[in-house]
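Right, one structure below, let's go through it.
Read-outs throughout are calculated quantities, based only on the coordinates presented, and are distinct from any laboratory measurement. A quick note: this is a predicted structure, and the numbers were derived from the prediction, not measured. Heads up, the Cβs are rebuilt from the backbone with ideal geometry, glycines too, and the neighbour counts pull from every protein chain shown.
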Amino acid sequence: MNLQSDDFELFALPRQFAQERSQIDARWKELQREAHPDRFAAQGAAAQRVAMQWSVRINEAYQRLKDPLKRAAYLCELNGAPVRAEDNTAMPASFLMQQMEWREALEEASTQKELDALDDAMLQAKQGMLAECGRLLDEAHDAAAAVQQVRALMFVARFAQDIERRRDQLGQ
């Protein structure tokens, strides 16, 4: 194992958006077994510290690879197109209109059924965005265009959290 390896190299996976979650999970368990500090107890404290560093590195890579949104953002970055979500929030007008409609619907929702319908619409949109992100990264090899999808998916992820908060409010 090489600390300089990117997450895909570390996990022996192709550098692409499309991944099988079961392969990511299996490789994570395998790597954790290899790097577990207890395996290095006989080699002393220094070896255990290095193993702990590896364990942390493996977990960080696992968190990025298992989550499609984080994986897409990471791929964009690896391909020279950082997402820069904190200072680049420009989005197409059609997406912003959709967001406004969803926000209004969320504010007006007074039943779990209305929230379910909104959640379904959001999940359907999310699946479409993930598919487009995969196409842009794996087929078109256009990380710069994929960045726009990643930023849109970040908005959708926050909106999903807002739906859950609204569910909690209605449930009380």
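Brief remarks follow.
- Take the Cβ atoms of Gln32 and Ala90, set R0 to 35 Å, and the FRET efficiency comes out at 0.30.
- Lysines whose Cα lies under 20 Å from that of Lys113, excluding same-chain neighbours fewer than 8 positions away: Lys126
- Evaluated over segment 7-66, the Cα radius of gyration and Dmax, each in Å: 12.6, 40
- Most mobile listed residue (Lys126, Lys113, Lys29) in the chain, GNM with C-alpha springs under 10 Å: Lys113
- Straightening the chain between Met97 and Ala145 buys 15.3 nm, computed as 0.36 nm per residue apart minus the Cα-Cα spacing.
- Applying a DSSP loop filter and a limit of 10 other Cβ atoms within 10 Å to the GluC sites (Glu not before Pro) in segment 59-110 leaves Glu86.
- 0 to 90° range, to nearest 10: angle between helix 143-171 axis and the chain longest Cα axis: 70 degrees
- Theoretical gain in end-to-end length, Leu78 to Lys66 [0.36 nm per residue, Cα-Cα removed]: 2.7 nm
- Assuming charge only on the beta carbon of Lys and Arg (+1) and of Asp and Glu (-1), the dipole of segment 7-66 about its Cα centre is about 60 debye to the nearest 20.
- Each semi-axis of the equivalent ellipsoid for the chain is √(5λ) with λ an eigenvalue of the Cα gyration tensor; in descending order they amount to 37, 21, 13 Å.
- For segment 93-171, the dipole from Cβ point charges (+1 on Lys and Arg, -1 on Asp and Glu) about the Cα centre works out to 180 debye, to the nearest 20.
- The modelled label-to-label distance for the pair Ala105/Arg158, using points 7 Å beyond Cα in the direction of Cβ, is 1.9 nm.
- Helix 93-108 and the longest principal axis of the C-alpha atoms of the chain enclose an angle of approximately 80°.
- Rg/Rh for segment 93-171 stands at 1.06; both radii use Cα atoms, and Rh follows the Kirkwood definition.
- Counting only alpha carbon atoms, the long axis of helix 68-78 and the longest principal axis of the chain meet at about 70°.
- Taking label points 7 Å from Cα along the Cα-to-Cβ direction, Lys113 and Ser5 give a separation of 5.4 nm.
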